[in-house]
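The values are calculated or read from the model by the stated rules, or taken from the named source; none is laboratory data. Values in this document were obtained by computation on a predicted structure and should not be read as measured data. Neighbour counts are summed over all protein chains in view; Cβ atoms, including those assigned to glycine, are modelled from backbone coordinates with ideal geometry. The accessibility values were calculated without ligands, DNA or RNA, using every heavy atom of the protein model including side chains. Shrake-Rupley method; radii C 1.70, N 1.55, O 1.52, S 1.80 Å.
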Amino acid sequence: VQLQASGGGLVQAGGSLRLSCAASGRTFSSYYMGWFRQAPGKEREFVAVANWSGGSTYYADSVKGRFTISRDNAKNTVYLQMNSLKSEDTAVYYCASSLKGSYLSDPRQYAYWGQGTQVTVSS
């Protein structure tokens, strides 16, 4: 599986962005799809994950209520809608895929990673 993340940019605090992650391969719907982020000098941090249908999702407490993960299996794409952005959301955002159904907040559970897209929130 190859993943290509896009949609990052510079936005003011309180604004919104939608990230996209396009996947290659016909088995996209078999994978859990997650988003992680990494700020300078910090470890990679879990953001959100969706199951194969998108009907089951899980979020980090820091983004719950502000971010929404969704997926379109017909387009082999997963999205991260980010609203009410804060300066602390500034990071490189990565999408990742996993066939494992547990501990999905752990980046070690993910086999495939996109290249990352920069999100910068100005205060």
Has region 77-89 got at least one residue that is more than 17 Å from residue 6 (Cα to Cα), surrounded by 22 or more Cβ atoms within 10 Å (Cβ to Cβ) and of a type in the set (Val, Ile, Thr)? no
Please go through region 13-32 and give me each residue that is open to solvent by 60 Å² or more (accessible area, probe 1.4 Å) and closer than 14 Å to residue 110 by Cα, ordered by number. 30, 32
Given the residues 35, 52, which is the only one that is among the aromatic types (Phe, Trp, Tyr), at negative phi and surrounded by fewer than 21 Cβ atoms within 10 Å (Cβ to Cβ)? 52
Residues that are open to solvent by less than 70 Å² (accessible area, probe 1.4 Å) and within 14 Å of residue 116 (Cβ to Cβ), drawn from region 1-12: 3, 5, 6, 7, 8, 9
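Counting only residues that are out of contact with any Leu (no Cβ under 9 Å at 6 or more places or on another chain) and hydroxyl-bearing (Ser, Thr, Tyr), give me the strands (runs of 3 or more DSSP E) lying completely in region 37-123 with at least 2 of them. Please lay out each step first, then the result.
Working: elements: 45-50, 57-59, 67-72, 77-82, 91-98, 117-122.
Because the criterion is at least 2 residues that are out of contact with any Leu (no Cβ under 9 Å at 6 or more places or on another chain) and hydroxyl-bearing (Ser, Thr, Tyr), the strands (runs of 3 or more DSSP E) in region 37-123 that meet it are 57-59.
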May I ask you to list the residues in region 1-29 that are among the hydroxyl-bearing types (Ser, Thr, Tyr), touching a strand residue (DSSP E or B) at 6+ places or on another chain (Cβ under 9 Å), closer than 29 Å to residue 101 by Cβ and not in a strand (DSSP E or B)? 24, 29
